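Everything below concerns the one structure shown next.
The values are calculated or read from the model by the stated rules, or taken from the named source; none is laboratory data. This one's a predicted model, so the numbers in the text were calculated from it and none came from an experiment. When we count neighbours, we look across all protein chains shown, and the Cβ atoms used for this are built from the backbone with ideal geometry, even at glycine. Surface areas here come from the heavy atoms of the whole protein model, side chains and all, with no ligands, DNA or RNA. Shrake-Rupley method; radii C 1.70, N 1.55, O 1.52, S 1.80 Å.
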Amino acid sequence: MPRHWFHSPRYTVDMGAHTFPTVKFQRVAESLVERGVLSSAFRVEPGDPSRDDLLLVHTPSWVERVLDGKMTLDDELRAELPWSKKLAEAHALAVSGTMLAAREALERGLGIHVGGGAHHAFPDHGEGFCLLNDLAVAAERLRRGGLAKSVLVVDLDVHQGNGTAAIFRDRLDVCTFSMHQEEGYPEKRERGTVDIELPAGATDEDYLDVLTKRLPAALDAHRPDLVLYQAGVDVHERDLLGSLKLTSGGIAARDRFVFEACFRRAIPVGVTLGGGYSPSLEETVLLHVQTVREALAVFS
Ligand SMILES: [Zn+2]
């Protein structure tokens, strides 16, 4: 049976001229269908998450400010997002998308969310284009529901997932593995379970040398029931917000390695797409499409 995948065209929100092109996830979804990688018949549109789900990792005050339009100017500046009802809805829907992909992964080995990866969202505030931490809510929901005893968030976006690390600080049942750039955003890092910093200019070879040594060790040490993968493609050499120098082929090898390492250990993977800010939107879209192709090549 073809697999379900998760995406909403409502992720696209008009924010005027903004560094984060919200339309990119919609373009990725369209491109995946146009190329015959995924069938539109099996796209599942996420619904609104319950407030109780959001409250698993966020404070009541933050959830209210986001959902009910009470964000302050400081909140908006910190998140680098202009609040609107549609924006709040989009970010809430993306939490559901990752929860659904995580459940699909537990049932079928792989769950694909064409969106998500809001790893800069903290319990009580948003940062870096992120309001609600979909990865954290999904991990906590599955853990509390008894569906997964342990979850490892593998975050290979070029920026440290500081929100996710802060939410799960000192926890043993939800751990984080992050490889990110040494310099730049976010200025203040949070301590995750495994944090690996790469110098500006790191190449495919530099990157894969570290990943292939460290990720298997983390998987074997934590033996997670589920991996949630933040597959940001802002590690690309032309990315405007990253300082690493991976090629498209290097990112394909990265993704393939993550999926194979999990598949070989029978660890299900829920995929979220995360960051990607090439000057050309089409280039970013193709990099995200490539991640989904690599996932399907390993898990089909
Ligand atoms: Zn990023």
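Across the range 242-280, the qualifying residues are those that are more than 16 Å from the chain's Cα centre (by Cα) and among the aliphatic types (A, V, I, L, M), and the one among them that is farthest from the ligand (Cβ to nearest atom) is Ala266.
Checked against the criteria, Asp124 counts as touching a residue at least 12 places away in the same chain (Cβ under 8 Å), open to solvent by 10 Å² or more (accessible area, probe 1.4 Å) and among the acidic types (Asp, Glu).
From the residues in the range 229-241 that are among the charged types (D, E, K, R) and touching a residue at least 24 places away in the same chain (Cβ under 8 Å), which one is farthest from the ligand (Cβ to nearest atom)? Restricting to residues being among the charged types (D, E, K, R) and touching a residue at least 24 places away in the same chain (Cβ under 8 Å), the top hit is Arg238. Per this entry, Arg143 is counted among residues that are part of a helix (DSSP H, G or I), more than 16 Å from the ligand (Cβ to nearest atom), of a type outside the set (Ser, Thr, Tyr) and modelled with pLDDT of 95 or more. Is it fair to say Glu283 is more than 18 Å from the chain's Cα centre (by Cα), in a helix (DSSP H, G or I) and without any contact (Cβ under 8 Å) to a residue 40 or more places away in the chain? Against the criterion (more than 18 Å from the chain's Cα centre (by Cα), in a helix (DSSP H, G or I) and without any contact (Cβ under 8 Å) to a residue 40 or more places away in the chain), Glu283 does not qualify. Counting the residues of the range 163-188 that are touching a strand residue (DSSP E or B) at 6+ places or on another chain (Cβ under 7 Å) and either within 25 Å of Ala79 (Cβ to Cβ) or within 16 Å of the ligand (Cβ to nearest atom) (or both) gives 13.
For Leu106, indicate whether it is within 16 Å of the ligand (Cβ to nearest atom) and assigned to a helix (DSSP H, G or I). Answer is no for this residue. Looking only at the range 65-80, residues that are open to solvent by 80 Å² or more (accessible area, probe 1.4 Å), acidic (Asp, Glu) and within 21 Å of Pro21 (Cβ to Cβ) come to 1 in all.
Being open to solvent by less than 50 Å² (accessible area, probe 1.4 Å) and either within 18 Å of the chain's Cα centre (by Cα) or in contact (Cβ under 8 Å) with a residue 24 or more places away in the chain (or both): is that true of Pro9 here? Considered against the rule, which asks whether it is open to solvent by less than 50 Å² (accessible area, probe 1.4 Å) and either within 18 Å of the chain's Cα centre (by Cα) or in contact (Cβ under 8 Å) with a residue 24 or more places away in the chain (or both), Pro9 comes out as no. The single condition among (1) farther than 19 Å from Leu81 by Cα; (2) in contact with a Gly (Cβ under 6 Å, 6 or more places away or on another chain) that Asp134 does not meet is (1).
The set of residues in the range 248-293 being open to solvent by less than 40 Å² (accessible area, probe 1.4 Å), small (Gly, Ala, Ser) and either modelled with pLDDT under 95 or over 18 Å from Phe177 (Cβ atoms) (or both) consists of Gly250, Ala252, Gly276, Ser278.
Checking each residue in the range 181-217 for being within 13 Å of Val235 (Cβ to Cβ), of a type in the set (Val, Ile, Thr) and in contact (Cβ under 8 Å) with a residue 24 or more places away in the chain picks out Thr203, Val210. For Gly201, the test of being outside any helix (DSSP H, G or I), open to solvent by 10 Å² or more (accessible area, probe 1.4 Å), more than 15 Å from the ligand (Cβ to nearest atom) and over 26 Å from Thr59 (Cβ atoms) is passed.
For Ala88, state whether it is within 12 Å of Leu228 (Cβ to Cβ), part of a helix (DSSP H, G or I) and modelled with pLDDT of 95 or more. Taking the combined requirement at face value, the residue does not satisfy it. Might you check whether a residue that is in contact (Cβ under 8 Å) with a residue 60 or more places away in the chain, under 20 Å from the mean Cα position of the chain (by Cα) and open to solvent by less than 50 Å² (accessible area, probe 1.4 Å) occurs anywhere in the range 40-47? Among the residues of the range 40-47, not one is in contact (Cβ under 8 Å) with a residue 60 or more places away in the chain, under 20 Å from the mean Cα position of the chain (by Cα) and open to solvent by less than 50 Å² (accessible area, probe 1.4 Å), which makes the answer no. Identification of helices (runs of 4 or more DSSP H) wholly contained in the range 9-76 with 1 or more residues that are over 15 Å from Val285 (Cα atoms) yields 51-54, 60-67.
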